[in-house]
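The values are calculated or read from the model by the stated rules, or taken from the named source; none is laboratory data. Since this is a predicted model, take the numbers as computed values, not measurements. Because the Cβ atoms are built from the backbone with ideal geometry, glycine has one as well, and the counts that use them run over all protein chains shown. Heads up: the accessible areas ignore ligands, DNA and RNA and are worked out on the full protein's heavy atoms, side chains in. Shrake-Rupley method; radii C 1.70, N 1.55, O 1.52, S 1.80 Å.
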Amino acid sequence: MYNATVARLTYRGLLGRRRAFILFGLPALLLGVSVVVRVLVGADDGTASSVLGGLALATMVPLIGVVAGTGAIGPEIDDGSVVYLLSKPVKRPTIIFTKLIVAIAVTVAFSAVPTLVAGFILNGNSQQIAVAYAAAAAVASVAYSAVFLLLGTVTRHAVVAGLVYALVWESLFGSLVPGARTLSVQQWSLALAQRIGAEGAVSSDVGLPLALVLLAGVTVAATWFAGRKLRSLTLAGEE
Amino acid sequence: MSSIRIDSVSRWFGNVVAVNDVSMTVGPGVTGLLGPNGAGKSTLINMMGGFLAPSTGTVTLDGAAIWRNEQIYRHIGIVPEREAMYDFLTGLEFVRANAELHGLGAAEAQKALATVEMEYAQDRAISTYSKGMRQRVKMASALVHEPSVLLLDEPFNGMDPRQRMQLMDLLRRMGAEGRTVLFSSHILEEVEQLATHIEVVVAGRHAASGDFRKIRRLMTDRPHRYLVRSSDDRALAAALIADPSTAGIEVDVQEGALRIQAVDFGRFTALLPQVAREHGIRLLTVSPSDESLESVFSYLVAA
């Protein structure tokens with residue numbers, strides 16, 4: 001199911017282009033903000049929770065997810081170089097699965113890990129807040145990677161579509177319309193954070209069992225559909 | 001020895017018919033797919049390469065369907081027209097990745113690079129390559145698994161004459177080895193130099209198929225139209241119409257010229273200056289009025 005060559009090409013494509021600036025820039029921003037907050041406010045659980053929930057989980061994780069998920073396949077489809085992967089006796093689901101693993105690894109490395117570090121900077125993992133948010137960021141990374149990888153296979157405007165989803169749906173509607181929260185990767189992952197964190201430290205609108213089912217369901221469905229999409233990918237000629 | 005068979009294939013995009021009921025078989029040797037830009041050559045090649053489903057009809061390689069059959073790529077090598085190719089890799093890394101995806105290794109990659117004579121630049125990033133170098137590395141990536149079928153979409157575009165000759169030699173060699181080599185081109189001379197067998201498509205239809213020389217003759221023997229201006233148009237017209245090589249002459253008073261339709265190209269071109277000299281007429285303009293490739297092709301469709 002996993003192809004090392006496809007993985008290598010995907011990593012090099014992701015980390016070697018301009019996307020790398022965003023991948024390195026956002027975590028650096030989070031860590032910078034954490035240091036400043038710690039120095040100015042001191043170790044405070046409430047503040048730590050709002051920085052990790054508001055900046056890390058609500059903004060940084062989906063953005064990194066968009067960059068890594070769409071970037072794992074979108075540019076290759078756009079410029080046509082995907083033809084070199086597809087004109088090989090390699091199963092399409094293998095290509096998608098490998099790219100998903102790479103996207104998840106990159107998203108976890110550039111969002112969940114910095115979230116953990118930021119949590120320790122902010123309040124030294126008091127009330128398990130750092131670990132809780134890092135775990136949430138990790139499971140959200142998986143679902144975001146799958147969803148944005150799918151977007152990369154279905155539309156040429158995957159980055160824009162991904163940003164609209166991440167910023168408008170997750171951030172804006174999520175905070176204004178209560179019902180929208182139930183259909184939000186962020187809230188599902190918060191359910192896990194709620195379980196890990198101390199009583200009352202983190203709260204989610206969704207129960208943990210439902211959240212896990214939805215996370216797994218979305219990941220599997222998006223991956224399956226992306227594989228299907230790639231199987232009948234049509235390359236329009238220059239004409 | 002492999003053959004690609006296209007059977008009653010049509011392909012449309014929305015309301016636009018790109019390929020219209022085409023049937024052809026491409027066998028071992030070098031075949032040229034000739035047609036003007038926008039004729040449907042890329043659409044046909046994409047269908048033969050498994051990157052486009054026919055709207056109707058079937059495309060098969062030795063009886064096996066090509067669409068949605070990734071195992072078929074054990075036998076097919078593809079050289080796409082588009083430029084993009086993992087520019088951040090070196091030539092060697094790129095060809096090696098292609099070899100690995102076929103389950104092969106460094107030795108095969110090196111051999112393919114040697115075949116296209118690109119070893120000297122194999123450690124440079126592809127982004128620094130010229131168009132001809134890119135084309136050769138693309139060739140190496142397509143040859144790495146020694147496929148029995150090689151599909152090339154406009155492979156000579158942007159190549160300088162020396163690179164063109166090298167690639168032609170290589171393709172000739174592959175054809176002589178018994179591989180099925182199909183390349184598309186909109187340039188008659190390119191096809192003439194390389195292909196023994198050609199398939200002509202015009203406006204999505206299969207216009208002609210067969211030996212290049214026969215089709216070339218068909219193209220040369222078609223009625224030619226000329227616009228001629230001389231010191232005495234009417235006297236020239238009278239003298240020319242007496243010869244069977246001329247089918248019709250119109251005196252275009254407004255233009256001050258003769259519009260001549262010649263049926264025998266060779267004879268007419270010899271006759272015109274001869275007749276003019278005999279009658280003491282000076283020829284001021286002799287210009288063919290339908291020499292564009294499109295008109296040559298559209299004549300073939302009508303034939």
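On average, how much area does the Cα convex hull of the protein assembly as shown cover when viewed from any direction, in nm²?
Values: hull surface 132.4 nm².
The Cα convex hull of the protein assembly as shown, projected and averaged over all directions, gives 33.1 nm².
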Principal axis dimensions, largest first and in whole angstrom, of the range B:23-126 by Cα
44, 31, 26
With chain A treated as a Gaussian network of Cα nodes joined by springs under 10 Å, which of A:Y133, A:Y11, A:Y84 yields the largest mean-square fluctuation?
A:Y84
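Using only protein heavy atoms and a 1.4 angstrom probe, determine the accessible area buried between A and B, summed over both sides, in Å² to the nearest 100.
Numbers: alone 11250 and 14680 Å², together 22760 Å².
The A and B chains share an interface burying roughly 3200 Å².
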For the range A:84-100, 3J(HN,Hα) per residue [Karplus equation, 6.51 cos²θ - 1.76 cosθ + 1.60, θ = phi - 60°, Hz, x = Gly/Pro]:
6, 7, 7, 8, 10, x, 10, 5, 4, x, 5, 4, 5, 4, 4, 5, 5
Springs between alpha-carbon atoms under 10 Å, Gaussian network over chain B: tell me which of B:M47, B:M174, B:M165 tops the mean-square fluctuations.
B:M165
Cα-based Rg and Dmax for the range A:4-238, in Å, come out at 18.0, 60
Heavy-atom accessible surface, probe 1.4 Å, ligands and DNA/RNA ignored: which residues of the range B:19-48 lose at least 30 Å² versus the isolated chain?
B:S42, B:N46
Would you mind telling me the share, in percent, of accessible area of the range A:131-239 contributed by carbon and sulfur at probe 1.4 angstrom?
68
If every Lys and Arg gets +1 and every Asp and Glu gets -1 at its Cβ, then about the Cα centre the range A:191-239 yields a dipole, in debye to the nearest 20, of 220
If amide hydrogens are placed 1.01 Å from N in the peptide plane, which non-local residues have theirs closer than 5 Å to the one on B:A207?
B:V200, B:V201, B:V202
Taking placed amide H atoms and a strict 5 Å upper bound, the residues 5 or more places from B:G29 or on another chain that come that close are B:G178, B:R179, B:T180, B:V181
Accessible area per residue, 1.4 Å probe, Å², for the range A:4-238: what's the number?
39
So which residues of the range A:190-239 lose at least 30 Å² of accessible area, probe 1.4 Å, when you go from the chain by itself to every protein chain present?
A:R231, A:S232, A:T234, A:L235, A:E238, A:E239
Quick one: with all protein chains in place, what share of the accessible area of chain B is carbon or sulfur, to the nearest percent (1.4 Å probe)?
50
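Given a 1.4 angstrom probe, what's the average accessible area per residue across the range B:1-76, in square angstrom?
On the way: 2910 Å² over 76 residues.
Accessible area per residue, the range B:1-76: 38 Å².
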For B:84-93, what's the mean count of beta carbons from other chains sitting within 10 Å of each residue's beta carbon?
4
Any idea what the dipole of the protein assembly as shown comes to, in debye rounded to 20, about its Cα centre with Lys/Arg Cβ at +1 and Asp/Glu Cβ at -1?
860
If you plug each phi of the range B:268-283 into the Karplus form 6.51 cos²θ - 1.76 cosθ + 1.60 with θ = phi - 60°, what whole-Hz ³J(HN,Hα) values come out, in order, with x for Gly and Pro?
5, 5, 7, 5, 3, x, 5, 4, 4, 5, 4, 9, x, 9, 8, 8
Specify which residue in the list B:H197, B:G132, B:L272 is farthest towards the positive end of the charge dipole of the protein assembly as shown, using unit charges on the beta carbon of Lys, Arg (+1) and Asp, Glu (-1), about the Cα centre.
B:G132
Just tell me how shielded A:1-13 is by partners: mean number of partner chain Cβ atoms within 10 Å of each residue's Cβ, no decimals.
3
Dipole magnitude of chain A, debye to nearest 20 (Cβ charges: Lys/Arg +1, Asp/Glu -1, about Cα centre)
760
Estimated [θ] at 222 nm from DSSP helical runs (n ≥ 4, -39500 (n - 2.57)) normalised by residues in the protein assembly as shown, nearest 500
-15500 deg cm²/dmol
Just B:G210, B:G40, B:G49 to compare: in a GNM of chain B, with alpha carbon springs under 10 Å, which one fluctuates most?
B:G210
Under 5 Å between amide hydrogens, which residues at least 5 positions from B:A257 or on another chain qualify, with H placed 1.01 Å from N in the peptide plane?
B:D252
Phi to ³J(HN,Hα) by Karplus 6.51 cos²θ - 1.76 cosθ + 1.60 over the range A:39-51, Hz, x for Gly, Pro
5, 7, 9, x, 6, 9, 5, x, 5, 4, 5, 6, 5
